[in-house]
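Notes follow once the structure below has been shown.
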Amino acid sequence: MALIVAKFGGTSVADVERIEVVANKIVREAKLGHKVVVVVSAMSGVTNRLVDYCKQINPFYDMREYDVVVSSGEQVTAGLLAIALQKRGITASSWLGWQISVHTNDVHGKARITGIDTNEVHKRLDDGEIVVVPGFQGMTQSGRITTLGRGGSDTSAVALAAALGADRCDIYTDVDGVYTTDPRIVPNARKLKKISFEEMMELASLGAKVLQTRSVEIAMKKEVSLQVLSSFEEYIGSDLPGTLVTKEDNIVEDELVSGIAYKRDEAKITLLSVPDIPGVAATIFQPLAQAAINVDMIVQNISPDGKTTDITFTIAKADVPKAVKTLSDVSDLEGVDIDINENVAKISVVGIGMISHHGVASTMFKTLAEKNINIQVISTSEIKISVLIEEDYTELAVRSLHTAYGLEEE
Ligand code: ADP
Ligand code: ASP
Ligand code: MG
């Protein structure tokens, strides 16, 4: 008998029929004798609609109220699933983030879980109940509702699995595992049987939205056994049909490149002709950090006379209005022009094999050059190379690179 946390994403609970399918899967797990905690997302499209309502009223909405609004989608699904389970003769109840309680810090809109009280959940599981928890939500120390950033239900599930000491965390979604790249862009992408936490974390943070990055980070730290699988197939998680995200030494394959990711939700900001004096980078990036804006790629181009510099960086598109406002308020940047380009995409090649092999970068640059795709910014780490290109070329770049590294299904 195992304790399983099963998470179902938006498309898996998109309507009442899909919720009934989910209930059937949970019943099958329970009949095998397993204790199950279910984490659900909002029905697909709901969170986007809720975000949009906030924006319509005020683009600079109060993040605390944004969290109250957008966390509501998950509540509906949790209640509906509990009703569907009860209809099947199962004792089930749903418990909101603040009720069980999922504690977070107070960074509204992208809060981090700081702890979860599990006594009540354990008690209910021991009594033979199925516990349903809405993902994506938590509560600050002062009792306000928070959300964990887009895609945050994955993190709710993994954090719960870690706190409960679960045997496995199953992430049910609309694809049957983790692939060498997004199978919706490259139909002959290859499904991976296993992937290391490190590679999955890079892929996720570089745009493979199949798992939220923070969920992989927690799984790696707490050694949660994680499986990605489809809710649209007949099987259930205990059949182990999906991709296992696991420790590096459990992986036999030694691929040079394990996957390709893309991200279209970043914008490129350039500050033109900033005086090139010591401390100028801090003048720009400190206020952005204080405004909780994450900066990704950074490049600096010094003018030929060495007096001024252009500083380019990328941030989430959603943060552009806040970033522009923040930088406009910095007195040292008065008169500096800010250029914003939202028509960009970041393409990344990831692989642990890069640590010991050369030539990955040159293959990437050559492949993109052959397709006439211009590279605007480059950044690298030990196991990844990222380039920023014009957004319209995203699919062409991903497909060409996927072929160039020989990643397709045989
Ligand atoms: P959910 O609503 O279940 O949380 P998401 O839409 O967040 O699902 O994530 C699943 C999607 O992730 C898939 O539909 C797929 O298009 C995308 N995806 C991107 N990269 C990958 C990858 N490498 N492997 C599998 N899916 C990927
Ligand atoms: N509903 C939230 C979102 O769409 C959280 C999630 O589905 O993981 O971002
Ligand atoms: Mg998701």
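Peptides 64-73, 181-190, 168-177 ranked from most to least packed, by the mean per-residue count of other Cβ atoms within 10 Å: 168-177, 64-73, 181-190.
Assign unit charges at the C-beta atoms only (+1 for Lys and Arg, -1 for Asp and Glu), then state the dipole size of segment 310-353 relative to its Cα centre in Debye, rounded to the nearest 20. Mind showing how you got there, number by number?
Details: 4 positive and 8 negative charges, 75 e Å.
Roughly 360 debye, rounded to the nearest 20.
The residue among 404, 183, 387 whose Cα reaches farthest toward the positive pole of the charge dipole of the chain, with charges on the beta-carbon of Lys, Arg, Asp and Glu, is 183.
When the charge dipole of the chain is built from unit charges on Cβ atoms (+1 for Lys and Arg, -1 for Asp and Glu) and taken about the Cα centre, the candidate among 57, 271, 14 whose Cα reaches farthest toward its positive end is 14.
Given the pairs 191/247; 247/346; 87/209; 193/247, which are separated by over 24 angstrom at their Cα positions? Don't skip to the end; give the middle numbers.
Numbers: 191/247 18 Å; 247/346 27 Å; 87/209 33 Å; 193/247 13 Å.
In this structure, 247/346; 87/209 exceed 24 Å between Cα atoms.
Over 17 Å, how big is the tail of the calculated P(r) for segment 58-117, in percent of all Cα pairs?
Details: 946 of 1770 pairs.
Of all Cα-Cα distances in segment 58-117, 53 percent exceed 17 Å.
Report the Rg/Rh value for segment 99-144, based on alpha-carbon coordinates and the Kirkwood definition of Rh. Don't skip to the end; give the middle numbers.
Working: Rg = 11.9 Å, Rh = 11.5 Å.
Using Cα coordinates only, the ratio equals 1.04.
Within the same chain, lysines fewer than 8 places from residue 325 are excluded, and of the rest, those with a Cα less than 17 Å from its Cα are 55, 268, 317.
How many percent of the alpha carbon pairs in the chain exceed a separation of 39 Å? Summing the P(r) tail past 39 Å for the chain gives 23 percent. Remark on segment 266-370: Rg and Dmax equal 16.4, 47 Å (Cα only).
Placing +1 on each Lys and Arg Cβ and -1 on each Asp and Glu Cβ, with no other charges, gives the chain a dipole about its Cα centre of roughly 900 debye.
What is the packing order of peptides 231-239, 325-333, 54-62, taking the mean over residues of other C-beta atoms within 10 Å and listing the highest first?
Details: 231-239: 16.7, 325-333: 13.3, 54-62: 11.6.
Per-residue mean Cβ counts within 10 Å order the peptides as 231-239, 325-333, 54-62.
The listed peptides 42-49, 76-83, ordered by packing as a protection proxy, come out as 76-83, 42-49 (highest mean of other Cβ atoms within 10 Å first). When each full DSSP H helix of the chain is screened for a Cα extent of at least 30 Å along its own axis and an average Kyte-Doolittle hydropathy of at least 0.5, none passes. In straight-distance terms, cross-link reach from residue 31 covers every one of the aspartates and glutamates whose alpha-carbon lies under 14 Å from its own, apart from those fewer than eight places away in the same chain; here that gives 129, 239. Size of segment 1-141: Rg and Dmax of its alpha carbons, in Å, are 15.7, 50. Within segment 71-170, all pairs of alpha-carbon atoms sorted by distance into 10 Å bins from zero give the percentages 17, 48, 30, 4, 0. Rounded to the nearest 20, the size of the Cβ-charge dipole of segment 65-169 about its Cα centre is 200 debye, with Lys and Arg at +1 and Asp and Glu at -1.
The calculated pair-distance distribution of segment 200-304 uses every alpha carbon pair, bins of 10 angstrom beginning at 0, and gives 10, 29, 27, 18, 12, 4, 0 percent.
Where a number appears in this text, it was derived from the coordinates with a stated rule and is not lab data. What you are looking at is a predicted structure, and each value in this text was computed from that prediction instead of being measured. No Cβ is skipped: glycine too gets one built from the backbone with ideal geometry, and neighbour counts run over all protein chains shown.
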